[in-house]
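Quick notes on the structure that follows.
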Amino acid sequence: MKAIQITEFGGPDVMKYLDLPDPVAGADEVLLDVTAIGINYADTHQTENSYLSPQTLPMIPGIEVVGTHGGKRYLASVSSGGYAQKAIAHKSVMIPIPDSVSDQEALCMLVQGSTAWHLLKTMGHLEKGQSVVIHAAAGGVGTIAIQLAKLWGANVIAVTSSDSKAELAKKLGADHVVDAASEDLSKAIRDANGGRGVNLILEMVGGKTFDQSLLALGTFGKLITFGMASRTAPTPIHPGALMHGSKTVAGFWLANCFGKKELFNDVIEELFTLISDGKLKPVIGATYPLSQAQTAHKSMLARESVGKIALDPAL
C-alpha cells in the first residue's frame, strides 16, 4: 500500500510517501480500504512529538479515516496509521455512514464535529441567548461550532484572520466578526458583545490570544481551551484572578471521549442526522493527494486553510 511514514520527528518535511506492507488486523479489529483521510492540527503535533500523548517511531500519522469493509462505508478513528491506503480500526469506533452523507462530510464530524459539539454542550453548557466567542472561526472546528451555536440559539462572535475568512463566518451565521490581529483583542470582543463580557469562549490558539480572551469573559464566564496552534503558552493564571468575576477556565481533549459510546458514537450519529436534515453544512476547504501531505500540513500551519482539509489515498 501507499502511505506516509515518518522516521524522525519534525515539521512537514519529515513525512515521506512510501510503499509499505499492509497492516494486519488483530482481535476485534477490521482492515479498512481507505477512501478519504482527514487532516487535523493534532497530526502536526504527532509529527513533532508535541502531542498530549507521546508518539513512537517509525510512524504513519493520522487519526481519522473513511473506509469500506464488507461493502459498507464507515467513519473510524485510529490511534495512528491514517495516512495510508489501508488502515486498522477497532470495531467499537467504526461508525456507519448514511447514504445522505458524503465521505468528506463524514470526515468533518469525527474530530471537528464532535469537538465543536462537546465544547458547546458538554463543557460549555451553552444556553439559548448566551454569547459565544469562536476563535479560528473559519477552521474545521470553528465552521461547525458557528452553525451549532446558532442552531442552539447563541449570539456568535467569530474571530478570524482575513477578510475572506470573515465573510465565510458571516455566511455560516456569525452575528459579529472580530479581527484576530486586533491590537486590543479583549476590547474588540467586548465591543462586539455590546460592551459586555461574554459567556463562553472556545480557544485553541494559546499565547496572547488566550490571555486577551480571558480578559473578555463576563461574570460566570467560561473559557475552554482545546489546543495551542501558536505553539506559545499563555501567561500562567493565579487562582485569585478567576475568583473575581467567578470565571472558569477548562480544557478539552477529544481522546477522553474515545471508547464511550454516548460521548463519541452517539454524538457523531446525531451530527450525521443534522447533515442529512440540511441543518449542518460541513465546509470542505481542500483535498490533496496523499502524496502531498507535506503541502497540506504547511497550508494548515500557515493558517491558509479553511474548513476541513482532506487527503485522497487514490491520488
Requested in this report: State yes or no: is Pro236 part of a loop (DSSP other than H, G, I, E, B), buried (at least 18 other Cβ atoms within 10 Å of the Cβ) and not aliphatic (A, V, I, L, M)?
Outcome: no
Report summary line: Checked Leu215, Leu200 against criteria (crowded, with 22+ Cβ neighbours inside 10 Å and either on the phi < 0 side of the Ramachandran plot or touching a Leu at 6+ places or on another chain (Cβ under 6 Å) (or both)); the one match is Leu200
Report task. Determine which member of the set Tyr41, Tyr51, Tyr74, Tyr83 is under 22 Å from Ser305 (Cβ atoms), in contact with a Leu (Cβ under 8 Å, 6 or more places away or on another chain) and of a type in the set (Phe, Trp, Tyr). Result -> Tyr83
Query raised in the report: Only one residue in Leu315, Leu263, Leu223, Leu242 is over 30 Å from Val101 (Cα atoms), among the hydrophobic types (A, V, I, L, M, F, W, C) and surrounded by fewer than 18 Cβ atoms within 10 Å (Cβ to Cβ), so which one is that?
Result: Leu242
Query raised in the report: Looking at Arg231, is it on the phi > 0 side of the Ramachandran plot, surrounded by fewer than 19 Cβ atoms within 10 Å (Cβ to Cβ) and in contact with a Ser or Thr (Cβ under 7 Å, 6 or more places away or on another chain)?
Result: no
Requested in this report: Looking only at segment 63-70, decide whether some residue is closer than 21 Å to Met300 by Cβ, at pLDDT below 95 and not aliphatic (A, V, I, L, M).
Outcome: no
Report task. Could you grab me the full set of residues in segment 10-28 that are touching a helix residue (DSSP H, G or I) at 6+ places or on another chain (Cβ under 8 Å) and at pLDDT 95 or above? Result -> Gly10, Gly11, Pro12, Asp13, Val14, Met15, Tyr17
Requested in this report: Return the only residue of Tyr51, Tyr17 being outside any loop (DSSP other than H, G, I, E, B), closer than 24 Å to Arg303 by Cα and open to solvent by 40 Å² or more (accessible area, probe 1.4 Å).
Outcome: Tyr17
Query raised in the report: How many residues are open to solvent by less than 10 Å² (accessible area, probe 1.4 Å), touching a residue at least 60 places away in the same chain (Cβ under 8 Å) and not small (Gly, Ala, Ser) when one looks only at segment 122-170?
Result: 7
Requested in this report: For residues that are open to solvent by 50 Å² or more (accessible area, probe 1.4 Å) and part of a loop (DSSP other than H, G, I, E, B), tally how many sit in segment 277-312.
Outcome: 6
Query raised in the report: Does segment 37-47 contain any residue that is out of contact with any Gly (no Cβ under 6 Å at 6 or more places or on another chain), under 19 Å from Ile284 (Cα atoms) and in a strand (DSSP E or B)?
Result: yes
Query - Close pairs (6 angstrom Cβ cut-off, 6 or more residues apart or separate chains): free of Cβ contacts under 8 Å to residues at least 40 places away in the same chain in segment 186-214, of a type in the set (D, E, K, R) and part of a strand (DSSP E or B) anywhere - result: Phe210/Glu203
Requested in this report: Restrict the check to segment 15-25 and report whether at least one residue is touching a residue at least 24 places away in the same chain (Cβ under 8 Å) and within 23 Å of the chain's Cα centre (by Cα).
Outcome: yes
Report summary line: Contact list, first residue from segment 262-288 and more than 23 Å from Val306 (Cβ to Cβ), second anywhere and modelled with pLDDT under 95 and open to solvent by 40 Å² or more (accessible area, probe 1.4 Å), beta-carbon distance below 7 Å, six or more apart or interchain, is Phe264/Phe258
Query raised in the report: If you take the residues of segment 26-44 that are open to solvent by less than 30 Å² (accessible area, probe 1.4 Å) and either under 17 Å from the mean Cα position of the chain (by Cα) or among the hydroxyl-bearing types (Ser, Thr, Tyr) (or both), which of them is nearest to Ala296 (Cα to Cα)?
Result: Ile39
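The values are calculated or read from the model by the stated rules, or taken from the named source; none is laboratory data. Since the structure is predicted, the reported quantities are computational estimates derived from the model, not experimental observations. Every residue, glycine as well, gets a Cβ built from its backbone with ideal geometry; the counts of neighbours run over all protein chains shown. Quick note on the areas: whole protein, heavy atoms, side chains included, nothing else; ligands and nucleic acids left out. Shrake-Rupley method; radii C 1.70, N 1.55, O 1.52, S 1.80 Å.
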